[in-house]
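The values are calculated or read from the model by the stated rules, or taken from the named source; none is laboratory data. If you're wondering where the values come from, they're calculated on a predicted model, not measured in any experiment. Cβ: placed from backbone, ideal geometry, glycine included. Neighbour counts: every protein chain shown. The accessibility values were calculated without ligands, DNA or RNA, using every heavy atom of the protein model including side chains. Shrake-Rupley method; radii C 1.70, N 1.55, O 1.52, S 1.80 Å.
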Amino acid sequence: MKNFRIFAILCIGNVSLFLTGCFGGRPTGYFQEESAITTRGGFGENGVFHDIIYNPEAIALNFPGYIVGLDKGRRHAVGNGVIYPDSNLEDQRGMRNIKERMRSDPKIHYISHVVRDEGKPYGQDNCLIYTMYSQWGSSKINAGDAPAKMCFKDQANTGKSQTAQVDSYKALDLLTTELQQTIKDKKSKDGHGYTHVIVASMGWNTPQIKAIQNFNSIVPHLKNAAGKSRFEPLFIGVTWPSVWSSQWLDPLIKFASYKAKANDADEVGTIWISEIIDRIKFVAPPETMLVGIGHSFGARAMFSAICGESISGKARLSKRKWNTLIGWQSAFSINRFTENGSGDGFSYSKGCLDKVDTIVLTASEYDTAVNSAFWADMAGSRDQWKEVCSGLLKEGNKIKINGKVNCITSDPDKKSESESEIDIKRGYINYVDASKIVLLSQPNTGGGAHNDIYRAVHGKLNWKAISIPPN
């Protein structure tokens, strides 16, 4: 009995320490503002998706570019002044779902910060174009010690917590002005402008730190693949709250968050990334190639932004076609490209080829994340590749895409360009069986080979896709 009491006391003590570790501790520098807008995490919450403003010298791009960071907060804390779009009879089921979630979900997305990274050693001169987290410290902490500096000494570049969602449009206006100036400066400095504007987004359960690490793999591999070809991109990486935060029962929490984050990806793409895309199309010179790259749910968000309809129902700012859209191991239904729209409630007009010149989708038999999703028909699954491509391979296809399809089997063993089977065509949905290059487990990730998209061989495929000249 005595031993049992000692054991019970030790257990209670350990539980107390555990709970103290989870719920107690010292405040962070932005704690007061984070608490007010409910981005501190917890069961079913999203955690912190603005790590970069704590460590802008370390959590940074290793090349020049921009990070647009989204957070998600409780409606009562960040949603003052929001005007929600009305549904109409012409809305597809997926769009009606997004509009309903905007009205009924207790939390809403907003742009919380925009960072300019210079790509210099030691993270020198990285700064904030916009932030909603402007209140560093308290009476006991020196406000001058805030780690992230503003690019400009102008209080108009900060938002307010109560109107965070509405102030996101201020962030977009500031980003637009910044991009216009950056494009102008580039042209005047070296006589020629950027070759590409690249917008990228990562997928489910990818914290901001990891997303930026992934960007730091994608772009350098693209640069190396370009070889002697001129490749000077203007890069914008979008990070979004793709994780439910929990310090215990982690696998269970991740599984429960799947559907919520699938819907979040569509919402983020339809509302915010689409706004970024529209503004880029408006400011980018005609000779600059426009590129979108997404992975998993990040691909879902990118395709929702570029291929979907405007949530306002109004015409886009620019009718300019996007040049290249790449979806690595996409976690959305392949039936978005069919006429009946049976995939996720969406149907892309003309297979999205009326909005994008060149589409690339990859699939792999070794991606257990999408292949095991038996309840969905994921574009990243090789089973769906076979359903689409079997007819083109003379075996009788079962899924009929609304648009021209080019079925490809990747083979990195081919030595010459003439032998290459990665023959990406403009004006097509290029559907690639990437099983020969998407086949390894990425360290510290799950889903089999789902995250094997950050190596040199993948940079070569990206380059092949984005180097196709426009019409």
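Which peptide among 361-369, 59-67, 83-91 comes first, and what is the full order, when sorted by highest mean count of other Cβ atoms within 10 Å?
Working: 361-369: 24.1, 59-67: 20.9, 83-91: 11.4.
Ranking the peptides 361-369, 59-67, 83-91 by packing returns 361-369, 59-67, 83-91.
Whole Å is fine, so just give me how far the alpha carbon centre of the range 55-109 lies from that of the range 339-368.
So the separation of the two Cα centres works out to 23 Å.
For the range 66-141, report the accessible area per residue in Å² (1.4 Å probe, heavy atoms, rounded to an integer). Show your work: numbers first, answer last.
Values: 3580 Å² over 76 residues.
Averaged over the residues of the range 66-141, the accessible area is 47 Å².
What's the FRET efficiency of Glu232 with His76 using the Cβ-Cβ distance as r and R₀ = 45 Å, to the nearest 0.05?
Details: r = 45 Å, r/R0 = 1.00.
The value I calculate is 0.50.
Read phi for every residue in the range 445-455 and hand back ³J(HN,Hα) as whole Hz from Karplus 6.51 cos²θ - 1.76 cosθ + 1.60, θ = phi - 60°, with x for Gly and Pro.
9, x, x, x, 8, 4, 9, 8, 9, 10, 9
Rg and Dmax in Å for the range 116-209, alpha carbons only: what are they?
16.1, 51
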